[in-house]
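Below is one structure, written out as structure tokens, with a few remarks after it.
Bear in mind that the values in this text are calculations on the coordinates, not laboratory data. Just so you know, these numbers come straight off a predicted model, no measurement behind them. All Cβ positions, glycine included, derive from the backbone under ideal geometry; neighbour counts span all protein chains shown.
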Amino acid sequence: MPRDLHGGRAEGHESKGLRVGPPEHLAPEFGELPLDKVDGKAAADLDLDLSRQKLTRSTRNNTQIVLRPVLRFAKSRGYVEDRPVNLPKLEPIGQSILEIPSDDQVPS
């Protein structure tokens, strides 16, 4: 029985789809798409689309971070045979490691 990511019931279906967020990015892209069609290519296409919209790397990562557990859940419940193995990699967002200043650097 196909499931969708929209959260509503399709006509003739007794089961609910899965509702995911952040809805402003995932729902428009995957809202009507059956779960078994959400693969690495679909996720990469979404990331490319978000990149073209000039969204930050953090926003793009967060979208992928939400999608991954949804696909894990779908696999655990048998909604899909396997999780996609070719999902886009999460890119670092330029975090820096803070260093403790030396005694010479601290004003007395």
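Remark on L33: its backbone amide H falls under 5 Å from those of L5, a criterion applied only to residues 5 or more positions apart or on other chains, H modelled at 1.01 Å from N. Annotation for F73 and D104: the two label points, set 7 Å from Cα along the Cα-Cβ direction, are 5.5 nm apart.
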